[in-house]
Amino acid sequence: MSASDEGNAAAAGYAPHPYVGGRTAVLRALAAWRMRWPGAPRVIVLTGNPGSGRSRLLTGFLMMCDPGYRKQLPLDDLDPATVPPDLPAPAVPSPAGRTAAQLLWLISDHFGLNAEHTDGIFTELATREEPVTLVVPDVDQAGPVRAADEAARVVQDVLKPLAATETVQLLADVPRELAAELAGALPRGQVQVIDLDEAEWADPKGLVLHAETALTPEAGAPELPYTTDPSARRALAEAIAARADGNRLTVQLAVQSLLMQPEGFDPADASLLPGSVGEALDLHARRLGADPQTLRLLLAPLAFAEGEGLPVQLWGALANAVAGRDMSQDLADGMLLAAPFIQPVEASPDDDEDTDADGTGDEAADDSGAGPDAGRTLLRLMHPGLAEEIRSALPDARDAQTKIAMALLEAVPQQDWSKADPYIRDHLAAHTLDAGLLPQLLTDPGLFAHADPVTMRAAIEAVPLEQLGAPARTYLRTAPLLTRSQAPAELRAAFLESAFVEDGLAPYAEALHTLGFALPWRTLWSVPLVGVRAVTTGSLPPQGGDGATADAAGGPDGTTAAQAPDGTTAQVTDGATPGSVQPGGPVRASGTSAPRPVAAFIVPEGTPGSRTVPRPDGDDSEGEGRALLVHDLLRPEYVDADPAQVQLPSEQAQAAAPFGLSRGADYLRVWARASQEVVAALLSDTPFTGADLSPDGVLVVATARGVTARQILATPPPATPTVPAQRTGTADSDASDGLEGDHS
């Protein structure tokens, strides 16, 4: 049967789809696509105006694609050409609230791909023997931040590469302004654009049926002359549909308005029926004796709301801000006025603050915690098209958004982000982005730590890099680690504290120690060394009175950092993290009566300030030589000292140390020997190349970026004789993993 032949289905007496209520031509085209019917396109781009019914149509089609749901539908009564074959359900990765990268990893997880980078996802899909079917709905709702225009990024980075992959059968619902871009990336014959507002795909009879069904008492309509009398109901439905010009949202708003407040409505008066979403708002207000502008001002905060919706308790303050006057009485009197356009929702659980202490959560993990918003009632407009209408009709949308952002900022008690409403904390960046004020906001380390890193990152990435200050750039480079780890606020603060030190922003790092966080460490220094292969901690012996370094006798076991008992190079362990304090050249150690704690780095030969390590006797192997560089353990300064004089801690000192160290490829854990509890967990976005923990709890780690030292701040319980002494060096990793039971 032809996909454009509507008449045959009606003549055959087929029942309409029970959820869609029409759209026979489109459903036929989608069924042919799912069936891979000869001549059917491999890619379908579904588009239309806001409120055209794209989401409802796709939902109805997917009902027939799901083997379980098919059993609940009267498939035998439907047009056979609209019913897809009984195949496994297609993958339906939702972009709603997700970034393009998150959407790609969602697809990767669904198909069990092993790609390490996003480009590898398309490569793996292209090599599959069997084609894969993907339905991507609601692209216009992509992204955690509305003003960041994530929908365009989803089309560019996800849908276009998917569409170009021959083994992928794709159906995507995209806004009209992006439909041509997606379709234009493919040869003719492989892609079909279905625009629900074009005459070929219009469904005026289905629109009448949609209105008529909504007006029935069975659908919840009150018993009125035009809802109980079939002929009157049909006449009213035809009038509503004719005025709505094919827009299902307009029909829905018209019906909800008159059913919620039937007084003052005359079904014979066509002037009371809206021809657009905006008219639906204005006619409803006038019929209730209210000023349409008052209704729009009441709804404006909801039109700008981010995430799942706006908390009820913030609505009044934001309405006052947008209107520039006290709207409390209007709000109290206007609940019936606003009710047809508002949808209450219960905030979904958010595991943002419910992550394991080691911070090694998976970005794609399911939400399972009960976050601060969970269980709260939020309000949102019933359709994105309604929000778009309200925003576009404001005289100055950016000014309104600025007023909202300022009102949210003023609502933070004493500017203490730990006491801020979760909505303000997580979404203020999105509001200020839309107002053009985000760069000015990005100077508060407390906000960086407390805000949801997914939304904060998305907002900052939408700002041109040249407009960002140094703190925002530090946040931006740290954000992938924050989002990947799903770290709670306290661990985010710890990661950011180190990042600020690495980037030379020590005051911002110090500020995080004053905000009530129980940080696991204090970052002492960081150096941006390239090529560090390993690090170790030790000490230099006390200097003589003349300032000359005393002869090194080695450690208690005769071992120094430069040479081990077997004649090999220094016993230096491996580890990780970035760097930043710029070395000011070697600093000669000053006279002191106690050993000087230091860290030694194995670096490429020729590194400024380093001293070459001689090869052991008989070593004629080829390859680049190695050198040692000595750095003060507690201060940001290099030490001009012979590496052979660096003494390593004895086994007895290591065994008596309060902390132990275990590590993986991209994480480190410091644990208390007495209790065997993890007291600090460190993740890295680049592999560790060296790590060591001094007996007094200074963790020195190296990555490709450089070397960083952190003083562990936890106070462990006193050791007991029942805790066995731990071995030194990398062997601690094995012992600790066994104690923790974690081999991730």
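Go through the stretch 217-243 and give me each residue that's β-branched (Val, Ile, Thr) and either free of Cβ contacts under 8 Å to residues at least 12 places away in the same chain or in contact with a Cys (Cβ under 8 Å, 6 or more places away or on another chain) (or both). Reasoning before the result, please.
We begin by selecting, within the stretch 217-243, every residue β-branched (Val, Ile, Thr); these are 227-228, 240.
Across the stretch 217-243, the qualifying residue is only Thr228.
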Where Ser526 falls short, out of the listed (1) open to solvent by 40 Å² or more (accessible area, probe 1.4 Å); (2) part of a strand (DSSP E or B): (1)
What pairs can you find where one residue is in the stretch 605-626 and open to solvent by less than 60 Å² (accessible area, probe 1.4 Å), the other is at pLDDT 55 or above and β-branched (Val, Ile, Thr), and their Cβ atoms are less than 7 Å apart, with a gap of 6+ or different chains? Ser610/Val603; Gly625/Thr612
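Matching residues to (1) out of contact with any His (no Cβ under 6 Å at 6 or more places or on another chain); (2) crowded, with 22+ Cβ neighbours inside 10 Å; (3) closer than 16 Å to Tyr19 by Cβ:
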| site | (1), (2), (3) |
| --- | --- |
| Leu57 | yes, yes, yes |
| Gly60 | no, yes, yes |
| Tyr69 | yes, no, yes |
| Pro88 | yes, no, no |
| Leu104 | yes, yes, no |
| His110 | yes, no, no |
| Asp119 | yes, no, no |
| Glu130 | yes, no, no |
| Ala142 | yes, yes, no |
Within the stretch 432-473, work out how many residues are open to solvent by less than 40 Å² (accessible area, probe 1.4 Å), among the small types (Gly, Ala, Ser), under 29 Å from Ala518 (Cβ atoms) and not in a loop (DSSP other than H, G, I, E, B). 5
Please enumerate the residues belonging to the stretch 234-272 that are on the phi < 0 side of the Ramachandran plot and either aromatic (Phe, Trp, Tyr) or part of a loop (DSSP other than H, G, I, E, B) (or both). Asn247, Gln261, Pro262, Glu263, Phe265, Asp266, Pro267, Ala268, Asp269
Collect the residues in the stretch 481-523 that are open to solvent by 40 Å² or more (accessible area, probe 1.4 Å) and within 16 Å of Arg705 (Cβ to Cβ), keeping them in residue-number order. Asp503, Gly504
(1) in contact with a helix residue (DSSP H, G or I) (Cβ under 7 Å, 6 or more places away or on another chain); (2) on the phi < 0 side of the Ramachandran plot: which one isn't true of Gly516, the others all being true? (2)
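A quick yes/no check of all residues on (1) closer than 24 Å to Ala96 by Cβ; (2) out of contact with any Leu (no Cβ under 7 Å at 6 or more places or on another chain):
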residue: Ala459; (1), (2): yes, no
residue: Gln467; (1), (2): no, yes
residue: Ala470; (1), (2): no, no
residue: Pro480; (1), (2): yes, yes
residue: Pro488; (1), (2): no, yes
Of the conditions (1) surrounded by 18 or more Cβ atoms within 10 Å (Cβ to Cβ); (2) in contact (Cβ under 8 Å) with a residue 60 or more places away in the chain, Thr478 satisfies every one except a single condition; which number is it? (2)
Residue by residue through the stretch 644-703, note down the ones that are open to solvent by 10 Å² or more (accessible area, probe 1.4 Å), in contact with a helix residue (DSSP H, G or I) (Cβ under 6 Å, 6 or more places away or on another chain) and either without any contact (Cβ under 8 Å) to a residue 24 or more places away in the chain or within 28 Å of Ala594 (Cβ to Cβ) (or both). Leu661, Pro695
Residue that is nearest to Ala241 (Cα to Cα) [pool: residues in the stretch 21-67 that are in contact with a Pro (Cβ under 7 Å, 6 or more places away or on another chain) and in a loop (DSSP other than H, G, I, E, B)]: Gly22
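The values are calculated or read from the model by the stated rules, or taken from the named source; none is laboratory data. This is a predicted model, so every value here is computed, not measured. Cβ: placed from backbone, ideal geometry, glycine included. Neighbour counts: every protein chain shown. In case anyone asks, the SASA skips ligands and DNA or RNA and just uses the protein heavy atoms, side chains included. Shrake-Rupley method; radii C 1.70, N 1.55, O 1.52, S 1.80 Å.
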